[in-house]
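First the structure, in the form of structure tokens, and then the observations on it.
A short reminder: the numbers here are calculations on the coordinates, not readings from a lab. On a predicted model such as this, the values are computed, not experimentally measured, just so you know. Here Cβ is always computed from backbone atoms with ideal geometry, including for glycine, and neighbour counts include all displayed protein chains.
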Amino acid sequence: MESFSLILAIVVITALAFDFTNGFHDTANAMATTISTGALKPKIAVAMSAVLNLVGAFLSVEVANTISKGLVDETGIRPEVIFAALVGAILWNLLTWLVGLPSSSSHALMGGLVGATVASAGFGAVHGDVLVTKVLLPAVAAPVVAGLASLLATRFSYGIGGTADGEATRKGYRAGQIASAGLVSLAHGTNDAQKTMGIITLALVAGGSIAPGSNPPTWVILSAGLAIALGTYIGGWRIIRTMGKGLTDLEPRQGFAAQTSAATAILASSHLGFSLSTTHVVSGSVMGAGLGRKGGVVRWSTATRMFVAWALTLPAAALVGAGAESVTDLGDWGTAVVAVFLIAASAAIWKISRREVVDHTNVVEETDEPAGVVTAAIAAVTPPPVGTVTEDLTATIPAPVTLSAPAAEPAPAAPATPPAAAV
């Protein structure tokens, strides 16, 4: 195994901690719709996702190579720079998890790395063409493409199955949802686990442990896969609730369409080496599925908060990464200060989260998120989907009241016959 310095060991441990937060932050990407529609129980769903994330980590290293070889100049990067980048990414992940917003762990990592690199070596150390073509453009295109594909798939599924028996159709689509959720989990492992592999590999190059241009060592692939699998099993229940219930209400066939579209986009991006945000892809798919069903709506107030978080992810993580790098540049004591700050901030966020616990027992409860004016107007003028009229009427029309005729008054009793007089 490669020779390790203390700072390099700290960077590797911190990178695996980020991978763990990536796992529970992004569990919703694979399993939110499956849980919300009742296709799988929450704990079973996250266990299945964890195993498939681990398997997916071994299928490709293209995304890892994009990060370790392409985004920044690896020859001029110190391990402290990567440590600072991870601090920015971890804190952004925890903050957005606390408020239940499905932001991008990938872009948090990219932002932290770019910010720390600029603070250390200047803008010239960042490869702008790679940042634009393999990070920024996919960030914009991914949710749009996945959303359109999901919308069309949802309309197609309702078109060909509109006259099918309701219960039989639901069972079939639930089975399809389980399969497609597994595919999303596998795809997530091929994309997101590799980001941590790339960061650790970059740290090993910066620390002189391996030669520049090397692929991730086997132990890096295994440890990154295990870390993201463990985080996935813990379950990011707050974000699962937002993705499954707070953004739109999904039926099984919508969930199947959304997950299939998302898995296709993620696997294609992993093959091409794009550091895609699985959060953006799945969120776009869920919104497309919500709009693809007649009567289905998207809660745009929640979606707007998500869009704002997406826009802030790169610059916010970059600023924290740059600040952390400025402190670590002061020497070993500066690195220690940043490490203590990271631990203290993480503990504070966890303590705040205990005020309102969200776990597998209450993750499917309805949220109090208002639909908004636009959504309410669309719902008011859009006819409900085929096959739901009877249930809607039964749920909304009170049972008829039966009026009974007043009970007849009893007839007066006949007067008693007086006894015959004795003669």
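Points to keep in mind about this one:
- At R0 = 35 Å, FRET efficiency that the Cβ-Cβ distance of Trp333 and Asp359 yields, to 0.05: 0.35
- 3J(HN,Hα) from dihedral phi, region 213-229, Karplus parametrisation 6.51/-1.76/1.60, rounded to Hz, x for glycine, proline: x, 6, 6, x, x, 4, 5, 5, 4, 5, 5, 5, x, 5, 5, 6, 5
- Modelled label reach - Ile44, point 7 Å along Cα→Cβ, region 171-188 residues with backbone N closer than 17 Å: 171-183
- In terms of the mean number of neighbouring beta-carbon atoms within 10 Å, the peptides 348-354, 212-218 order highest first as 212-218, 348-354.
- Approximate spin-label separation Ala175-Phe307, in nm, with each point projected 7 Å along Cα-to-Cβ: 4.0
- Amide H contacts of Val297 (H built 1.01 Å from N, under 5 Å, at least 5 apart or other chain): Asp249
- Subtracting the Cα-Cα distance of Asp73 and His271 from their residue separation scaled by 0.36 nm leaves 69.0 nm.
- Pair Leu148, Thr218: separation of 7 Å Cα→Cβ label points (nm): 4.4
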